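Only one structure is covered here, and it is reproduced in the block below.
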Amino acid sequence: MAGGGQLGGDGGKQQKRGSLATVRKKKKRVGFVLDMTPLVDIAFLLLTFFMFTTTMAQPQVMEMSIPPERQEQVDVKESELMTLIVRGDGKLFYKLGSETARGVAMEDLRTLAINKNLEKRNALITALKVSEDVEYGVVITVLDELNLAEVEITNQIVADGDKRERKFALVPMTEEDKIEIEGL
Amino acid sequence: MPKIKKKRVGFVLDMTPLVDIAFLLLTFFMFTAKFKSEAEAEQKFTIQRPVASADTSKIPEADVAMIKIGIDTVYNDTAYYYSLSNEMTRENVYRSVDGLTPEQQEKALIKVANIEMLEQLVAKTRTENLKTQFAIDADKSIRYKYIEDLMNVMQKYNATEFNFVTDKRGG
């Protein structure tokens with residue numbers, strides 16, 4: 001460290017001391033130390049404040065529209081109607097027109113919706129009937145599957161040079177529906 | 001030996017990297033911070049949102065009427081909760097609805113006592129501020145009946161476009 005040490009003897013000691021002093025001065029300039037503790041305190045205080053008060057990612061939403069209240073009845077062709085029924089225990093059924101209802105697994109719903117819609121093009125009307133006792137989460141899953149199917153259907157139809165018109169309705173469940181799917 | 005003592009007493013830690021990171025995080029949180037709304041702060045229950053596949057549509061920022069359906073963990077009952085993000089609308093709507101105590105009128109999130117009150121709230125919100133968009137934030141394990149009843153009410157007052165608040169499906 002101290003270059004003066006080489007001289008040796010008494011003089012060397014003095015030199016050493018002197019040189020040490022100069023080195024010290026230099027050190028003070030180079031190794032400038034600032035007490036950052038209060039700074040860090042405040043920084044972390046603000047940090048925790050912002051961390052606790054902030055709400056991360058806004059939740060996403062699923063858009064839904066229902067028709068305005070109307071009393072008049074709209075007649076539809078039975079051949080162009082697909083009814084999806086969700087039973088109280090969350091089991092899913094479908095029927096085409098006045099056929100008997102058949103069970104369908106949630107995983108197969110998307111393919112079913114795609115196939116049936118592409119068969120009938122834009123004519124098919126999907127009616128969703130949900131029992132009052134179904135968990136809301138199941139309903140959202142069904143709607144989500146239908147939305148995903150819709151993407152595929154639209155792609156196909158647009159690729160063929162047509163325009164897609166979605167026909168979908170939430171229909172209240174009737175007693176007959178309940179009886180029909182009860183034993184299935 | 002004395003040297004060691006000195007080292008122990010005058011222990012200096014270089015805090016520069018720590019400060020760097022702290023300020024980096026601080027600026028990040030400051031810029032991304034979106035403060036919890038009053039209604040969210042007042043909410044005493046948690047909502048387990050249903051999952052849906054990733055969607056780009058986000059909840060609107062202004063003029064939202066949020067209808068929450070949650071299960072109160074204390075009383076174990078399902079109830080509707082109503083909140084409006086626009087303070088002006090909120091004040092006017094809450095004041096004109098029957099059956100609200102003065103304390104309730106001061107709050108952002110109110111518990112809806114019955115379906116008639118819900119009807120009044122929706123109707124008053126529609127007349128007060130037509131721009132208001134409705135959002136339904138419901139627990140995934142509630143019965144569909146609550147949603148159906150709510151949709152009937154909204155249909156009655158011509159609020160036919162609304163949003164279901166969902167969580168992104170993981171994976």
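The values are calculated or read from the model by the stated rules, or taken from the named source; none is laboratory data. Bear in mind that the values here come from a model prediction, so they are computed numbers and not experimental data. For neighbour counting, all protein chains shown are included, and Cβ atoms are generated from backbone atoms with ideal geometry for every residue, glycine included.
Listed here are the strands (runs of 3 or more DSSP E) enclosed by region B:74-171 that have at least 2 residues being touching a residue at least 40 places away in the same chain (Cβ under 8 Å) and within 11 Å of chain A (Cβ to nearest Cβ): B:133-138, B:161-168. Does B:V51 meet the test of being farther than 18 Å from A:G137 by Cβ and assigned by TED's automatic domain parsing to the domain that holds B:E119? Spelling it out, it is not the case that B:V51 is farther than 18 Å from A:G137 by Cβ and assigned by TED's automatic domain parsing to the domain that holds B:E119. Of the set (1) surrounded by fewer than 18 Cβ atoms within 10 Å (Cβ to Cβ); (2) in contact with a strand residue (DSSP E or B) (Cβ under 9 Å, 6 or more places away or on another chain); (3) under 19 Å from B:K36 (Cα atoms), all apply to B:E106 but (2). Hey, among the residues in region A:161-184 that are of a type outside the set (D, E) and assigned to a helix (DSSP H, G or I), which one's surrounded by the most Cβ atoms within 10 Å (Cβ to Cβ)? Once the filter is applied, the top-ranked residue is A:I181. Only residues that are more than 10 Å from chain A (Cβ to nearest Cβ) and of a type outside the set (F, W, Y) were counted in region B:25-45, giving 5.
When restricted to residues that are under 22 Å from A:K77 (Cβ atoms), small (G, A, S) and within 14 Å of chain B (Cβ to nearest Cβ), region A:115-165 contains 1. Could you list all residues from region B:51-97 that are surrounded by fewer than 13 Cβ atoms within 10 Å (Cβ to Cβ), modelled with pLDDT of 80 or more and either basic (K, R) or within 22 Å of B:Y146 (Cβ to Cβ) (or both)? Hits for region B:51-97 are B:D77, B:R95.
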